[in-house]
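Colleague: First, the structure itself, so that you have it in front of you.
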Amino acid sequence: MQTNDDFMVFSGTANMPLAEKVANYLGRPLNKIDIKHFPDGETFCQVIDPVRGKDVYVIQAGSPSPNDAYMELFIIMDALRRGSAARITAVLPYYGYARQDRKDQPRVPITARLVANLLTTAGADRVLTMDLHANQIQGFFDIPLDHLKAEPVILKYIRDQHWSSPVVVAPDTGGAKTAYGYSRKLSCGLAIVAKQRTGDSTVDAFSVVGDVKDRDVIMIDDMTATGGTLSAAAKMCRENGAKSVHAFVSHFPLTAKGEERLMSETQLDELVVTDSIPLRPGFDPSKLPFKLTQLSVAPLIGEAIKRTHANESINDLFNHE
């Protein structure tokens, strides 16, 4: 087995707090890298620590500002490759552009595939990411991709609440499979909110399939940006007699419109998110009319890095409770 001295961990600027937590879990400081942004917007990167022959991990979330975050990541990986790193793993807690995963209109890009190509071209030998918006994105890569799930972190939190009458709810039909998995692990019922999207940030929910009356609703989704899906689904659950509504999302790329909606329209008791993306600058959770809880996925990512370096199974992280 390789020793810890054989691998190095760097981070871009997109989510430094998470990268530092991962480094703490690994029992080491982040390796040194100098990143500058010139007045004209260009990015400069110099890797300070020698990387020749090393197994290198670069942590960079694809949000906020996905264009800047990805360009910075590409430049860092190019510098590492030219510094003769033996293997480069791009660690993406959040895969930006994941929602553009298919051609559903004429003359539109499949940007999730484009990002996969760019990661490979920039020098990534493998990719480590978490809770992709669509599982088929894994097939966009010709290099190894490890797909982590925030599920163990979320399940632990849910079990610690000891709700008396829980039911797992998928806020749309696309999330039914994920919600079903949670319901099996929690040994509780399942319901699905049928919805129709009427715009980029507007959703009309129109029915609930399943019983939520007098139940503690556990709503599961992979992300929320505008809050439209969660707000519509929470409202529908309330109208069907739900006792409480708790929403759980892996990624929280909140927009200004989403913040406004959460402040005024969302009928939630609690929103639980992970730290895969830093909270929106200027966003004050204390002003929300419900509780916002942030869970850390740093131990999950740190353990995945350790296992990848040691050529051990990552799937074992999710195969037991």
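Colleague: Using 0.36 nm times the number of residues separating Q46 and E20, minus their current alpha carbon distance, what extension gain do you get?
Modeller: Here the segment from Q46 to E20 would lengthen by 7.4 nm.
Colleague: Assign one of three labels to region 206-321, namely rounded, prolate or oblate, based on the Cα gyration tensor with a ≥ b ≥ c the square roots of its eigenvalues; rounded applies when a/c is under 1.5, prolate when it is not and a/b is larger than b/c, and oblate otherwise.
Modeller: Note, shape of region 206-321 comes out oblate.
Colleague: Using the charge dipole of the chain (Lys, Arg: +1 at Cβ; Asp, Glu: -1 at Cβ; taken about the Cα centre), state which of P29, G83, P253 has its Cα farthest towards the positive end.
Modeller: The residue sitting most towards the positive pole is P253.
Colleague: Taking θ as phi - 60°, what are the ³J(HN,Hα) couplings along region 109-119 by the Karplus curve (6.51, -1.76, 1.60), each to the nearest whole Hz, with x for Gly and Pro?
Modeller: x, 9, 5, 4, 6, 4, 4, 4, 5, 5, 4
Colleague: List the residues whose amide H sits under 5 Å from the amide H of N240, counting only those 5 or more places along or on another chain, with H placed 1.01 Å from N in the peptide plane.
Modeller: So N240 has HN proximity to no qualifying residue.
Colleague: Place the peptides 89-95, 139-145 in order of packing, highest mean first, counting for every residue the other Cβ atoms within 10 Å and averaging per peptide.
Modeller: Final packing ranking: 89-95, 139-145.
Colleague: Taking 0.36 nm per intervening residue step and subtracting the Cα-Cα distance, what contour gain separates D160 from D142 on full extension?
Modeller: 2.5 nm
Colleague: Hey, what do the phi angles of region 91-104 turn into as Karplus ³J(HN,Hα) couplings, whole Hz, using 6.51/-1.76/1.60 and θ = phi - 60°, x for Gly and Pro?
Modeller: Residue by residue, region 91-104 yields 9, 10, x, 10, 8, x, 6, 5, 6, 9, 10, 7, 9, 9 Hz.
Colleague: Could you work out how much longer the chain between R81 and F38 gets when fully extended? Use 0.36 nm per residue separation minus the Cα distance between them, nm to one decimal.
Modeller: Net length gain for the segment: 13.2 nm.
Colleague: Name the residues whose placed amide hydrogens come within less than 5 Å of the amide hydrogen of A150, ignoring near sequence neighbours (fewer than 5 apart) on the same chain.
Modeller: For A150, the qualifying residues are D131.
Colleague: Here's a follow-up. If each DSSP helix of 4+ residues adds -39,500 (n - 2.57) and the sum is divided by the residues in the chain, what number results at 222 nm, nearest 500 deg cm²/dmol?
Modeller: -9000 deg cm²/dmol
Colleague: Residues with amide H under 5 Å of L128's amide H, sequence separation 5 or more or different chain, H placed in the peptide plane at 1.01 Å from N; which?
Modeller: The list, which skips near neighbours in sequence, is A90, V91, L92, D146.
Colleague: Rounded to whole Hz and in sequence order, give me ³J(HN,Hα) for region 125-133 from the Karplus expression 6.51 cos²θ - 1.76 cosθ + 1.60, θ = phi - 60°, writing x for Gly and Pro.
Modeller: Going residue by residue, I get 8, 7, 10, 10, 9, 9, 6, 4, 5 Hz, with x marking Gly and Pro.
Colleague: Moving on. Would you calculate the separation in nanometres between label points at T121 and F318, each defined as 7 Å from the Cα along the Cα-to-beta-carbon direction?
Modeller: Using points 7 Å along Cα→Cβ, the separation is 2.9 nm.
Colleague: Would you mind telling me the antiparallel percentage of the DSSP bridges in the chain, rounded to 5?
Modeller: DSSP beta bridges in the chain are roughly 20 percent antiparallel.
Colleague: Placing +1 on the Cβ of each Lys and Arg and -1 on the Cβ of each Asp and Glu in the chain, which of V272, A69, I220 has its Cα farthest towards the positive end of the resulting dipole?
Modeller: I220
Colleague: If the cut-off is a Cα-Cα distance under 27 Å, which lysines reach K287, setting aside same-chain residues fewer than 8 apart in sequence?
Modeller: Counting by Cα, and skipping residues close in sequence, K287 has these lysines nearby: K21, K156, K235, K243, K257.
Colleague: Using alpha-carbon positions, what is the distance between the centroids of region 59-112 and region 210-228, in Å?
Modeller: 30
Each reported figure results from applying straightforward, stated rules to the coordinates on display, with no laboratory input. All values derive from a computational prediction rather than experimental measurement. Quick reminder, even Gly has a Cβ in these numbers, built from the backbone with ideal geometry, and neighbours come from all protein chains shown.
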